[in-house]
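Undergrad: Before I ask anything, here is the structure I am working with.
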Amino acid sequence: MSGRFITFEGIDGAGKSTHIEALARRLRERGAEVVCTREPGGTELAERLRELVLQRPMDALTEALLVFAARRDHVEQVIRPALARGATLLCDRFTDATFAYQGGGRGFDAAVLAQLEGWVHGELQPDLTLWLDLPAETAAQRRAEARAADRFEREDLAFFERVRNGYAQRMAAAPQRFARIDSSLDKHAVWAQIEAELERRSW
Ligand code: TYD
């Protein structure tokens, strides 16, 4: 038995949290066991690595190694067991974020990231990746109203446009796994696109 693995991606300020909650509610209403988790994080060890990655200055390779170390623990402790018992797993970011942020944003070598990806989770890939896409400028306006910025959120618009481009490249390489959601619209219109995508797949 294998459950569904659904990931949410997008630049900071795309509105992932709201829609993860809404999707969890929808799936639970239909009787599924739903596990909501996030990256970096999702285990005690990975949450400690998250604090370091979000707050301490470090170079791009260190950043990549730490997010993959956190991911390895998360995959082994939480993701594989949940999928093995047939649960639907909703994950706030996964490896596409590493290609987008460390690869696109920081300009780190994607070939090295691909190697790490192979070591850390081999053949395991999400069944569906909902990419909440919007211009960097719109996302920055939303963030300014919402919260105190971490190390990534303090980056400039050009950084976030590179991250966005990183997501576009990942989507081009695996178009059947991705659904691009126009996240510049209001909350209800974004949710309608997500629901339509699930209905299209009869989920
Ligand atoms: P985010 O998911 O936006 O959480 P919150 O909504 O609580 O702010 O924050 C995680 C940050 O970590 C985000 O800025 C992107 C970054 N990140 C990477 O740089 N690489 C990765 O592989 C992952 C998973 C996240």
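Undergrad: Look through Glu153, Glu199 and report the one residue that is touching a residue at least 24 places away in the same chain (Cβ under 8 Å) and not β-branched (Val, Ile, Thr).
TA: Only one candidate qualifies: Glu153.
Undergrad: Could you please find all residues in region 83-106 being under 20 Å from Ala22 (Cα atoms) and open to solvent by less than 20 Å² (accessible area, probe 1.4 Å)?
TA: Correct list: Ala87, Thr88, Leu89, Leu90, Cys91, Phe94.
Undergrad: A follow-up question, please. Within region 89-103, can one find any residue that is away from the ligand (no atom under 16 Å from the Cβ), part of a helix (DSSP H, G or I) and either touching a Phe, Trp or Tyr at 6+ places or on another chain (Cβ under 8 Å) or more than 27 Å from Val163 (Cα to Cα) (or both)?
TA: no
Undergrad: Among residues belonging to region 107-134 that are in a helix (DSSP H, G or I) and over 20 Å from Val163 (Cβ atoms), point out the one that is least open to solvent (accessible area, probe 1.4 Å).
TA: Step by step, filter region 107-134, then rank; the result is His121.
Undergrad: To continue, here is another question. Looking at region 85-104, I want the residues that are aromatic (Phe, Trp, Tyr) and have a partner that is open to solvent by 20 Å² or more (accessible area, probe 1.4 Å) and more than 8 Å from the ligand (Cβ to nearest atom) with Cβ atoms under 8 Å, at least 6 apart or on another chain. Which pairs are those?
TA: Phe99/Ala110; Phe99/Gln169; Phe99/Arg170
Undergrad: Kindly establish whether Ala136 is at pLDDT below 95, within 14 Å of the ligand (Cβ to nearest atom) and aliphatic (A, V, I, L, M).
TA: Answer is no for this residue.
Undergrad: Answer with yes or no whether Ala70 is in contact with a Lys or Arg (Cβ under 8 Å, 6 or more places away or on another chain), within 9 Å of the ligand (Cβ to nearest atom) and more than 30 Å from Asp186 (Cβ to Cβ).
TA: Yes.
Undergrad: Counting only residues that are open to solvent by 20 Å² or more (accessible area, probe 1.4 Å), assigned to a loop (DSSP other than H, G, I, E, B) and either more than 10 Å from the ligand (Cβ to nearest atom) or free of Cβ contacts under 8 Å to residues at least 24 places away in the same chain (or both), how many does region 1-23 have?
TA: 3
Undergrad: Please identify the pairs in which a residue from region 34-50 that is closer than 17 Å to Arg80 by Cα has its Cβ atom under 6 Å from the Cβ atom of a residue that is in a strand (DSSP E or B), counting only partners at least 6 apart or on another chain.
TA: Listed by first residue and then by second, the contacts come to Val34/Thr88; Val35/Leu89; Cys36/Leu90; Thr37/Cys91; Arg38/Asp92.
Undergrad: Kindly evaluate Ile194 against the criterion of being touching a residue at least 40 places away in the same chain (Cβ under 8 Å), in contact with a strand residue (DSSP E or B) (Cβ under 8 Å, 6 or more places away or on another chain) and not in a helix (DSSP H, G or I).
TA: In short, no.
Undergrad: Would you check if there is a residue in region 145-153 being open to solvent by less than 30 Å² (accessible area, probe 1.4 Å), part of a loop (DSSP other than H, G, I, E, B) and more than 10 Å from the ligand (Cβ to nearest atom)?
TA: Taking every residue of region 145-153 in turn, none turns out to be open to solvent by less than 30 Å² (accessible area, probe 1.4 Å), part of a loop (DSSP other than H, G, I, E, B) and more than 10 Å from the ligand (Cβ to nearest atom).
Undergrad: Looking at region 154-166, which of the residues that are open to solvent by less than 70 Å² (accessible area, probe 1.4 Å) and of a type in the set (D, E, K, R) is farthest from Met58 (Cα to Cα)?
TA: Arg164
Undergrad: For residues that are among the charged types (D, E, K, R) and either under 15 Å from Gln125 (Cα atoms) or modelled with pLDDT under 95 (or both), tally how many sit in region 60-106.
TA: Final tally of qualifying residues: 7.
Undergrad: Still on this structure: Out of Glu51, Glu63, report the one residue that is open to solvent by less than 10 Å² (accessible area, probe 1.4 Å) and within 15 Å of the ligand (Cβ to nearest atom).
TA: Glu63
The values are calculated or read from the model by the stated rules, or taken from the named source; none is laboratory data. Because the structure is predicted, anything quoted here is derived from the model rather than measured. Please note: Cβ atoms are built from the backbone with ideal geometry, for glycine as well, and neighbour counts cover all protein chains shown. Surface accessibility is based on the protein's heavy atoms, side chains included, excluding ligands, DNA and RNA. Shrake-Rupley method; radii C 1.70, N 1.55, O 1.52, S 1.80 Å.
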